[in-house]
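One structure below.
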Amino acid sequence: MSAVFTNVAPVFLLILIGWVVARTGVMREETGDALAEFVFKIALPTLIFRTLAEAHFEGTSPFRLWIAYFGGVAITWTVGHLIARHLFGRDEKIGVIAGMSSAFANNVFIGLPLVGRSVGNDGIVALSILLAIHLPAMMVIGTILMEQASARVDGGGRRSVLAVLRQVGSNLSRNPLVIALALGLAFNLSGFGTLPVVLKSVVDQIAAVTAAAALISLGMTLRKYPVHGNLSLATVMALLKLLLLPAAVFGLSHLLGLSPAWAAAMVLTSSVPTGINAWIIATRFRSGQSLAASVISITTIFGVVSVSFWAWLLN
């Protein structure tokens, strides 16, 4: 257990450092936003590009990996939605945000550093394959469900699925992570072999700062997501996120026979705190912002315990 904690604790300590330096005014909140922008637009895309460019897929199919992860997402999202609607009596829009908050893991800023430390390069390859469709799938599903819920709750028309897909597709075509995924896979399949020495040196140096920069920047921005209102519902959604989602992914990964490294990567990344995309969707539709913010903060505070448990179980 101490070896597991040694891998997990630094991830959350770096988040805490970011929160402390922002909270005490050592660094301004705007600096955290700038650091997060650097991570999202430069550092993480570089890490993903290098990983996929140098990966050896050996004909491995990604479909079992996607089924294992998104099967867990579907189970958790559905349970979260039903609990919010029928146990807490919230409207359909809050139900969508509750389900999304319980099932949308922060695979990029926390998942990648954690999997890199705990599983290694094979785990990063698996997570990169997941990221190839994770953000598009989750944002399309979340947007479509909120469009439908808003039409029923607030009245009025709703956009067609094609219009939603067109908008999300346009946004993703400019997303640095999506571009890095495409370039990494293209280089891998091109048969060029390894990166030129000078380019590889630059790429390696940028990739090396990714984990620390991502986690510190996340900690600095956590003040945007205070815990207030919807506390009972937010706590239940946090429990689903930290326990039910990784449990479902764990079961499906073993049922589908994923390799130990890929199963570990999927379970660990599913056990991390909720990602900010749930809050982005809530803000876009002006419903459930405080719920999404509370789930993000609660899962981040208690994530070190749940992630350590799942890492220990996997070992």
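The values are calculated or read from the model by the stated rules, or taken from the named source; none is laboratory data. Quick caveat: nothing in here was measured; it's all calculated off a predicted structure. Neighbour counts are summed over all protein chains in view; Cβ atoms, including those assigned to glycine, are modelled from backbone coordinates with ideal geometry. In case anyone asks, the SASA skips ligands and DNA or RNA and just uses the protein heavy atoms, side chains included. Shrake-Rupley method; radii C 1.70, N 1.55, O 1.52, S 1.80 Å.
Would you work out which of ALA55, HIS228, SER308 lies farthest towards the positive end of the dipole of the chain, given +1 charges on the beta-carbon of Lys and Arg and -1 on that of Asp and Glu, about the Cα centre?
Comparing the listed Cα positions along the dipole, HIS228 ranks first.
Just reorder HIS86, HIS134 by solvent-accessible area, largest first, 1.4 Å probe, all chains present.
Order by accessible area, largest first: HIS86, HIS134.
Give me the Å³ per residue figure for the convex hull around the C-alpha atoms of segment 1-123. Before the final figure, lay out each step's value.
On the way: hull volume 22.1 nm³, N = 123.
Each residue corresponds to 179 Å³ of Cα convex hull volume.
Sort 306-313, 266-273 by packing, meaning the average of other beta carbons within 10 Å per residue, with the highest value first. Spell out each step's value before the answer.
Values: 306-313: 19.8, 266-273: 29.1.
Highest mean packing first, the order is 266-273, 306-313.
If you average the sequence gap of Cα pairs under 8 Å that are 6 or more apart and divide by the length of the chain, what percent do you get for the contact order?
That works out to 35 percent.
What is the extension gain from LEU313 to PHE5, computed as 0.36 nm multiplied by their sequence separation minus the C-alpha to C-alpha distance, in nm to one decimal?
109.7 nm
Students often check this: by mean Cβ neighbours within 10 Å, which of 9-16, 114-121 ranks highest, and how do the rest follow?
Final packing ranking: 114-121, 9-16.
Along the Cα→Cβ direction, 7 angstrom out, place labels at ARG166 and ASP204. What is the inter-label distance in nm?
My value for the distance between the label points is 4.7 nm.
Send over a whole-number figure in Å² for the accessible area per residue of segment 49-126, probe 1.4 Å. Write down the numbers at each step before the final one.
Working: 2970 Å² over 78 residues.
Result: 38 Å² of accessible area for each residue.
So what is the accessible area of segment 181-293 per residue, in Å², with the probe set to 1.4 Å?
Value for segment 181-293: 43 Å² per residue.
Given +1 on the Cβ of Lys and Arg, -1 on the Cβ of Asp and Glu, and no further charges, what dipole in debye does the chain carry about its Cα centre, rounded to the nearest 20? Please list the in-between numbers first.
Details: 20 positive and 12 negative charges, 122 e Å.
I would put it at about 580 debye.
Compute the Rg/Rh shape ratio of segment 82-218: radius of gyration over Kirkwood radius, all on alpha-carbon atoms. Show your work: numbers first, answer last.
Working: Rg = 19.2 Å, Rh = 17.8 Å.
Ratio of gyration radius to Kirkwood radius for segment 82-218: 1.08.
Hey, got a sec? Which chymotrypsin sites (Phe, Trp or Tyr not before Pro) in segment 55-133 land in a DSSP loop and have at most 13 other Cβ atoms within 10 Å?
Of the chymotrypsin sites (Phe, Trp or Tyr not before Pro), the ones in loops of segment 55-133 whose Cβ has at most 13 other Cβ atoms within 10 Å are PHE57.
How far is helix 63-82 tilted off the main Cα axis of the chain, in degrees rounded to 10, range 0 to 90?
Approximately 20 degrees, to the nearest ten.
For LYS200, LYS224, write out the residues from largest to smallest accessible area, computed with a 1.4 angstrom probe and no ligands counted.
If we order LYS200, LYS224 from most to least accessible, we get LYS224, LYS200.
Would you please classify the overall shape of the chain from the alpha carbon gyration tensor, given that a ≥ b ≥ c denote the square roots of the eigenvalues, rounded means a/c under 1.5, and beyond that prolate means a/b larger than b/c while oblate covers the rest?
Values: a/c = 1.42, a/b = 1.31, b/c = 1.08.
Rounded is the answer for the chain, as its axis ratio a/c remains below 1.5.
State, as an integer percentage, the relative contact order of segment 221-315 based on alpha-carbon contacts under 8 Å between residues 6 or more apart.
Result for segment 221-315 is 44 percent.
Where does helix 2-23 land angle-wise versus the long Cα axis of the chain, in degrees 0 to 90, nearest 10?
70
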